[in-house]
Each structure stands twice: as C-alpha cells, then as structure tokens.
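S.K.: Please see the structure below; I have some questions.
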Amino acid sequence: MVLTSSARDYINRILQDISGMKVLILDSQTVSIVSVVYSQSELLQKEVFLVELVDSISKSSEPMSHLKAIYFLRPTAENIQYMRRQLASPRFGEYHLFFSNIMKDHHIHLLADSDEQEVVQQVQEFYADYVAIDPYHFTFHMPSNYIYMLPAVVDPSALQRFSDRVVEGLAAVFLTLKRRPVIRYQRTSDIAKRIAQEAAKLMYQEESGLFDFRRMEVSPLLLVIDRRDDPVTPLLNQWTYQAMVHELIGIQDNKVDVKSIGKFPKDQEEVVLSSEQDPFFKANMYDNFGDIGMNIKRLVDEFQQVAKSNQNIQTVEDMAKFVDNYPEYRKMHGNVTKHVTLVTEMSKIVEERKLMSVSQTEQELACNGGQGAAFEAVTNLLNDESISDMDRLRLVMLYALRYEKDSPVQLMQLFNKLASRSAKYKPGLVQFLLKQAGVDKRTGDLYGNRDLMNIARNMARGLKGVENVYTQHQPLLFQIMESIVKGRLKDVDYPFFGNHFQQGRPQDVIIFIVGGTTYEESRSVALQNASNTGVRFILGGSSVLNSKRFFKDLEEAQRVARSSTSL
C-alpha cells in the first residue's frame, strides 16, 4: 500500500510497452505526478527524448512523424479540447493516450470523432491522479487552496471545482489500492462533509461497478478532516530535516529551488530531496537538526579517510570549506555536497532570525499552559528589532489561538503592538484566523485540555520531561491516529457517511486534510507506521503547507471574503 511504488508502476507500464523514440506530453498537474516518481535519466533509458506540456505543444506545427507521442493527462474538458485540436492535424507517427482518472463517456466519443486519420493506437485510464511525494504522503497541489475557508455562497463554482478535484483524486487513490473505503468526516466542517458525501456518491453509486473489489473482512477507512481543526502545526518553525527545509527554503515536488543559495554551481537551479532517490535523505529526513549535522560530519569524515586528508572539521562552515576544496569530492559525493550546503544555509537563517528563541516560545505556546509567562515572552520578542515580521505574526497567532478566551485585554495589546512594529502586518489577519479556526470552531482537543485522558497524558509527559524542547509539539493528527488504533475515535465528532459502518479496527486508513498537510504530520504518520500497531496510515492533503503558504491562504481567503461582503 505504498503510493510512490504504485504511481511508479503506472508510469513504467505506460512507457515500457511502446518501443522506439518517444515524446511524453503532460499537463501542469501530471508533470508533478511523474516528476516525483521518475527521474529524467530514467525517462531517457525508456527512450523518451522529449518531454512537453500539452498547452505549449499545441502552439507548434513542426511534423515529427518519427516520434511516438505518449500523452499522460488529467481527463479535464480543457485537455480533451487540446487533444481534439492536435488529432485534427497530427504531428506524430502514433498517439498513445493515457488519462490519470475516470473518463466521461462523451469525452471518449469526442476523441474518437476527432481521430479521422486513425493515428490513436490506444486510450487507457491509469489511476495515478495524485502526487506521491513520499511512500505514505500524497498531495493534489490545489491552485486555489484557500477556497476551503470560504462559505459556499461566496464562490459556489470555485468551491465545486475544489471539491471535484479532491473527490477525483481520492477515487484514484482507492482505485490504485483496489479498495472501497467506509468514509468518516469531521462533524464541524462543511467542506469535509461535502467531500465525504460526494466521494461516497461516486464510489457507492455512480461508479459502484468500478469500485466493486473483492470484499475485505474490514474495509479501509477514509477520514476527511479540516486543516482549521489544527491551525497550530502549520504555524510552527520546524526542527526535523525535511520539515525544516520546507519551512526555511521551500520544497516543491521533492525539489528545492537553490537559485538564491550562492554555494551551488550557477547552472544548477534546483536539487532533488527524495526519499526514493537519495539514501542519505531517506535515513535522515525525520531526524532533528542537531543529529543531521553530526551525520553529515560522519559522511565527510569517511571521505576524509579515503582522501587521506586530516583537516579538522568542527563546524558546519568548516564542512562547507572542505567540500569547496574538493572538486572530485563534488563528483563523487554531489549528494553530500547538497546536504552540507542546505544545512549551512539553514544554520545561517536560524542565526539571522533568532529562531532558537522564537521557536522555544512557539513550543511553549503550543504545548504548555502559563498565560502570564507566555504574554511576557511574546511581548519581549515583538520588541526585539531582529525578529522578522513573519515570526512576529506567527507568535501572536499562536498566542491568540491558545488564549483567545482567557485574556482578551492582553490579546488586544499584542494586536496593537504587532500593528505598530510590523510593516507587513495585514490588519485583522489574526482575527480572521480566530474566526476560521478559533476554539468554538474546532472539534479535536488541540491543546489536550478538554479530555481527561489527554490532560493525564500531558501531565505524565510534563513529569517525564521533554527530550528536545524544540520538537516537543505533536500535531492533532497524532491523537487522531492513536484514537483509531485504540478504536476510540468518537462517532459523534467523526460520523460515518451513509449506512456503511466499520466492523472492527481497519488495517488501512487514509486521512485526508482539506486545506493541506505539513511535513511534521507526514513524519508523525511515518513514525506511527514504523511502530507496527497493525494499522497502516496514509496521509493526503490539498497542498503541502509551510507557514508562508498558510499565511498566503489566510490572506487570500480574507481578501475574497471582504470583497464579497462589500459587493
């Protein structure tokens, strides 16, 4: 049930049965789907000499009859139109059409009518309609991800498009797994309920034949939840490798844009960070920052032995210098170079933005009570000139989420201070967050202070002490997974959809977060799966968030909400 290998198998099957020189034609979504599971050199080995986007290839008319065209597209009305135009005056010798999801009958008829020269050799559905970034983590990269925060009346057609894309993607995941799930959703979220409802309709009514797989004793579970139930996780600075790279530099489709990092060669615009293609990353992606430095040092030390070099390496800067001095080392260990440079860059950012101090206060706000001390700590950081606007906003948001009911007066003082200190502060953004994800809107026990079991667990944790103050936070998702494993997920909070109930504990669970996942949560899922509880989890979301993306979604939703009320 590992999605990366399933998606890879689909691409393999598309490419290997068609011999000779090929051009692979993708759309803006399938290019991500392919790139996370297949490298360019692997495409070349399969005789793919050209990769083009379907909209740009439409603009060219140069005949290439010696090439066989393989199209791998989402079955959208727009892509069908591109295909019709291209089949009307074919440029390639053969056309092999693969679609990433269920096709509508009338789309198939349109393509058949357009193929007057009979160049189409095959039309198939291969259900890889998701970006499998890690074995247990997928995303849909929704362009208008903020839509989930808005009431349906604001932009009904945009919300419908959002919902359709999620439902189609989830259908593809379960067609890949050859399972039909029972479906549960977060009771307090309209969008989660809507997606659950439409997914059930598709899988149990409209396409029930397609989902009629051999019955399992216990069906898998699809649980649809809302990002706003845990707004804390995407706001926190991160200290484990993959999550930290995404928070401080940014990861898109397992690639890191390094144009702004001076240490890389000029012609290198991005580096790949993939657990499937990079053994060092796979071994260290969930480790904390301190351990990564030690592990890279160990790799560099090993090479020093080989090179009979005994430069004494003490700091990350020493490592960077050492790598610069060894061109042959760059060739042999381009991978290590990449990691040394990323860690060096992140060390620099941590120092410049005083993230050790900021993050300690964030973790206290997320994990421990003590309103007075928290107010003082946040006030001090807001007064510190070297704290960035983004970190100030994040601290006030975390304070507001925790203490909105306990200290309205002090909260107002922080709002005023934030507005006066931070030029970038968008008026009302913290208040908008509270309206979206405040205590009255949430289902789960976000701070572990509503439920007796959680209060006891937190007390026990406090007595034991915390191994690392910077990574003590656990996302709400961790509690949800624990409840599922123990059979304690409350029906009243997460009702079943329709009359399909679960007999016994599910073995396979897909948790989908409307609004986006974080790498902290995907780490939580990977660690949970490694603990062999007998339940396997896969995490999916509409996008992969870091705090910058979360702020952007909030700002966009606030802007649209304002303009719709002023109409």
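The values are calculated or read from the model by the stated rules, or taken from the named source; none is laboratory data. In this text, all values refer to a predicted model and were calculated from it rather than measured experimentally. When we count neighbours, we look across all protein chains shown, and the Cβ atoms used for this are built from the backbone with ideal geometry, even at glycine. Only protein heavy atoms, including side chains, enter the accessible area calculation; ligands, DNA and RNA are left aside. Shrake-Rupley method; radii C 1.70, N 1.55, O 1.52, S 1.80 Å.
S.K.: I'm trying to understand the selection: among the residues of region 263-294, which are in a loop (DSSP other than H, G, I, E, B) and either in contact with a Ser or Thr (Cβ under 9 Å, 6 or more places away or on another chain) or open to solvent by 80 Å² or more (accessible area, probe 1.4 Å) (or both)?
M.R.: Here is the first cut: in region 263-294, the ones in a loop (DSSP other than H, G, I, E, B) are 263-269, 273-278, 285-287.
Within region 263-294, 263, 264, 266, 267, 269, 274, 275, 276, 277, 285, 286, 287 meet the criteria.
Residue-by-condition table, conditions (1) in a strand (DSSP E or B); (2) of a type in the set (Asp, Glu); (3) open to solvent by less than 20 Å² (accessible area, probe 1.4 Å):
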position	(1), (2), (3)
4	no, no, yes
32	no, no, yes
41	no, no, no
60	no, no, no
66	yes, no, no
71	yes, no, yes
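S.K.: A further question follows. If I go through region 509-567 residue by residue, how many of them are closer than 23 Å to residue 218 by Cα and either of a type in the set (Ser, Thr, Tyr) or over 17 Å from the mean Cα position of the chain (by Cα) (or both)?
M.R.: 10
S.K.: Counting only residues that are open to solvent by 10 Å² or more (accessible area, probe 1.4 Å) and over 18 Å from the mean Cα position of the chain (by Cα), how many does region 239-260 have?
M.R.: Of the residues in that region, 2 qualify.
S.K.: Would you say residue 171 is buried (at least 20 other Cβ atoms within 10 Å of the Cβ), of a type in the set (Gly, Ala, Ser) and farther than 18 Å from residue 539 by Cβ? Spell out how you get there, then give the answer.
M.R.: Values: buried (at least 20 other Cβ atoms within 10 Å of the Cβ): yes; of a type in the set (Gly, Ala, Ser): yes; farther than 18 Å from residue 539 by Cβ: no.
Spelling it out, it is not the case that residue 171 is buried (at least 20 other Cβ atoms within 10 Å of the Cβ), of a type in the set (Gly, Ala, Ser) and farther than 18 Å from residue 539 by Cβ.
S.K.: Continuing with this model, one more query. Considering only residues that are assigned to a strand (DSSP E or B) and in contact (Cβ under 8 Å) with a residue 40 or more places away in the chain, look in region 95-109 and name the one that is farthest from the chain's Cα centre (by Cα).
M.R.: Once the filter is applied, the top-ranked residue is 96.
S.K.: Yes or no: region 181-193 includes at least one residue that is touching a residue at least 60 places away in the same chain (Cβ under 8 Å), closer than 21 Å to residue 489 by Cβ and in contact with a Gly (Cβ under 7 Å, 6 or more places away or on another chain).
M.R.: No, every residue in region 181-193 fails to be touching a residue at least 60 places away in the same chain (Cβ under 8 Å), closer than 21 Å to residue 489 by Cβ and in contact with a Gly (Cβ under 7 Å, 6 or more places away or on another chain).
S.K.: Could you go through region 202-217 and let me know if any residue there is surrounded by fewer than 20 Cβ atoms within 10 Å (Cβ to Cβ), in contact (Cβ under 8 Å) with a residue 60 or more places away in the chain, over 16 Å from the mean Cα position of the chain (by Cα) and in a helix (DSSP H, G or I).
M.R.: Within region 202-217, one or more residues are surrounded by fewer than 20 Cβ atoms within 10 Å (Cβ to Cβ), in contact (Cβ under 8 Å) with a residue 60 or more places away in the chain, over 16 Å from the mean Cα position of the chain (by Cα) and in a helix (DSSP H, G or I).
S.K.: Any residue in region 144-163 that is part of a helix (DSSP H, G or I), touching a residue at least 12 places away in the same chain (Cβ under 8 Å) and farther than 26 Å from residue 77 by Cα?
M.R.: Checked region 144-163: at least one residue is part of a helix (DSSP H, G or I), touching a residue at least 12 places away in the same chain (Cβ under 8 Å) and farther than 26 Å from residue 77 by Cα.
S.K.: Taking only pairs six or more apart or across chains, which ones have beta-carbon atoms under 7 Å, a first residue in region 384-395 that is β-branched (Val, Ile, Thr), and a second residue that is assigned to a helix (DSSP H, G or I)?
M.R.: 387/358; 387/381
S.K.: Further question on the same structure: Look through region 152-172, keep the residues that are touching an Asp or Glu at 6+ places or on another chain (Cβ under 8 Å) and aliphatic (A, V, I, L, M), and return whichever of them is modelled with the lowest pLDDT.
M.R.: At the first step, the residues of region 152-172 found to be touching an Asp or Glu at 6+ places or on another chain (Cβ under 8 Å) are 152, 163-164, 167-169, 171-172.
Of the ones still in play, those that are also aliphatic (A, V, I, L, M) are 152, 167, 171-172.
Working: 152: 87, 167: 97, 171: 95, 172: 95.
Per the stated criteria, the residue is 152.
This table checks each residue for (1) at pLDDT below 95; (2) surrounded by fewer than 24 Cβ atoms within 10 Å (Cβ to Cβ).
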{"residue": "504", "(1), (2)": "yes, yes"}
{"residue": "508", "(1), (2)": "yes, yes"}
{"residue": "511", "(1), (2)": "no, yes"}
{"residue": "515", "(1), (2)": "no, no"}
{"residue": "519", "(1), (2)": "no, no"}
{"residue": "526", "(1), (2)": "no, yes"}
{"residue": "531", "(1), (2)": "yes, yes"}
{"residue": "540", "(1), (2)": "no, no"}
{"residue": "559", "(1), (2)": "yes, yes"}
